[in-house]
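Reviewing the structure listed below.
The values are calculated or read from the model by the stated rules, or taken from the named source; none is laboratory data. What you are looking at is a predicted structure, and each value in this text was computed from that prediction instead of being measured. Ideal geometry is used to build each Cβ from the backbone, glycine not excepted, and the neighbour counts take in all protein chains shown.
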Amino acid sequence: MKTICDFIARWMGVMVLLVAVVSLAVPSSFIWVDTWAINPMLGVIMFGMGLTLAPQDFKIVLSRPKDILFGCLAQFTVMPLLAWTLAWAFSLPKELALGVILVGCCPGGTASNVITYLAKGDLALSVGMTATSTLLAPVMTPLLVWLLAGTMVDVDTMGMLMSIVYVIIAPIIAGLFCQRFLPSLTRSVVPYLPAFSSVVIALVVGIIVSHNATRLLVGGMLVILVVMLHNVLGLTIGFLIGRLLKLERAKCVAVSIEVGMQNSGLASSLAVLHFAAYPLATIPGAIFSVWHNISGALTAKLYSRD
C-alpha cells in the first residue's frame, strides 16, 4: 500500500492532468458530482495538513520572523498584482479576470512544501510560509479581492472571510487537535496523506472542469496562457526577490515556490460560493491546479540540478 501511495504522490501532476483531460472530453465522468462537494474536499485536505504540522513549524515564525515576513509580503503582493496586470494586459472578460485575481489573492498551496523538498530548498521556511499565509488568508484574501476586483463585481468580504475560516482554518485546527490527543492514529495515517490529498485534488479539478467544459472549450486557450504566465512569472519573481534580499540559495528556492504555487482549489471554491453569477470565474483555479503541479515538478528538477 505504501508503495502505491508513494507512486500516486510522485506522479500527482500527471494524474491531475489526465483527470482534467478526461473531464473536459467526457464531462459526464464527473458532472454527476455537484460543486457543493468541493468545500468538504478542501476541508479534508486542510485537515490532513493539520495532522502533519508540528510545533516546530510554528516556532519558525518566531525564530526566523524576518524570512517569514519577507516571504509573506511577496506572497500577498506579487501574485495579486501579477493577476490584475495580466487580466488587464490580455483584456480578459470580467468573469475570467475575477477568477485569475481570486487565484492570485489566495495563500500558498500545500503542494509547495513537497516541491520545495524535491528542489532542495529551505523546507522549514516553506512550511512556515505556507502556515503563516494560510492563517492570514481569512483577512488578506477577501481584502485583496475587494481591492483588485471590487470595481468589477460586488465582493462579499465578510462572507469570504467566514468561508476561508470554515474551509481552511477550522479543519487545520481539528487536525492539530487530533494530532495532540490521538498521536498513534495520526502517526499511522500521515504516510498516506500525500497520496490521499493528490487524489482529492484531482477529483476537485475533475468536478470543476466537467461543470465548465463547454465554456472552457470556447475561451480556453487565452486563459490557459494567462494562468501559465501567472505561475511562471510568480516563480521567477519570487526567486529574484530572494536574490535581491541576498538570501541563501535554498531560501530563494523556497520563496520562489511559495510565491508561484497557490491554493487554487480555494480560489475555485470561493468562486463557486460567492460568485455564482460568474461561472467562468472557477476556470482559472481549475487550470492553475493542473498547471502548477506540472510546472512544480519541472521547477524542482531545475533547482535541484544546481
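Could you tell me which residue of the range 47-75 is surrounded by the most Cβ atoms within 10 Å (Cβ to Cβ), considering only residues that are at pLDDT below 80 and among the hydrophobic types (A, V, I, L, M, F, W, C)?
Filtering first and then ranking leaves Met49.
Give Pro194, Pro171 a once-over and let me know the one that is modelled with pLDDT under 85, under 17 Å from the mean Cα position of the chain (by Cα) and assigned to a helix (DSSP H, G or I).
Result: Pro194 is the single residue among Pro194, Pro171 that is modelled with pLDDT under 85, under 17 Å from the mean Cα position of the chain (by Cα) and assigned to a helix (DSSP H, G or I).
Just one of (1) under 27 Å from Leu147 (Cα atoms); (2) in a loop (DSSP other than H, G, I, E, B); (3) touching a Ser or Thr at 6+ places or on another chain (Cβ under 9 Å) trips up Met46, so point out which.
(2)
Could you please give the count of residues in the range 262-300 that are under 17 Å from Ala97 (Cα atoms) and either in contact with a Lys or Arg (Cβ under 6 Å, 6 or more places away or on another chain) or of a type in the set (Gly, Ala, Ser) (or both)?
Counting residues in the range 262-300 that are under 17 Å from Ala97 (Cα atoms) and either in contact with a Lys or Arg (Cβ under 6 Å, 6 or more places away or on another chain) or of a type in the set (Gly, Ala, Ser) (or both) gives 13.
What pairs come out if I take residues in the range 17-31 that are in a helix (DSSP H, G or I) and pair them with residues that are modelled with pLDDT under 85 and surrounded by fewer than 18 Cβ atoms within 10 Å (Cβ to Cβ) whose C-beta lies under 8 Å away, six or more apart or interchain?
Pairs that qualify, where the first residue is in a helix (DSSP H, G or I) and the partner is modelled with pLDDT under 85 and surrounded by fewer than 18 Cβ atoms within 10 Å (Cβ to Cβ), are Leu17/Ile294; Leu24/Leu217.
Go over the candidates Ala131, Ala137 one by one and state the one that is within 13 Å of Gly108 (Cα to Cα), crowded, with 21+ Cβ neighbours inside 10 Å and in contact with a Pro (Cβ under 6 Å, 6 or more places away or on another chain).
Matching residue, one of Ala131, Ala137: Ala137.
In the range 238-264, which residue that is aliphatic (A, V, I, L, M) and buried (at least 21 other Cβ atoms within 10 Å of the Cβ) is farthest from Leu69 (Cα to Cα)?
Residue satisfying both the conditions and the ranking: Met261.
Taking the stated definitions as given, is Ile101 at pLDDT 95 or above and not small (Gly, Ala, Ser)?
Yes; evaluated as a whole, the condition is true for this residue.
Pick from the range 77-93 the residues that are among the aliphatic types (A, V, I, L, M) and either part of a helix (DSSP H, G or I) or surrounded by fewer than 20 Cβ atoms within 10 Å (Cβ to Cβ) (or both): which of them is nearest to the chain's Cα centre (by Cα)?
Within the range 77-93, the match that is nearest to the chain's Cα centre (by Cα) is Met79.
Output the number of the condition that Ala297 fails; it satisfies all remaining conditions of (1) on the phi > 0 side of the Ramachandran plot; (2) part of a helix (DSSP H, G or I).
Ala297 satisfies every listed condition except (1).
If Ile207 passes every condition in (1) part of a helix (DSSP H, G or I); (2) under 30 Å from Lys66 (Cα atoms); (3) touching an Asp or Glu at 6+ places or on another chain (Cβ under 9 Å); (4) not polar (S, T, N, Q) but one, which one does it miss?
Failed condition: (2).
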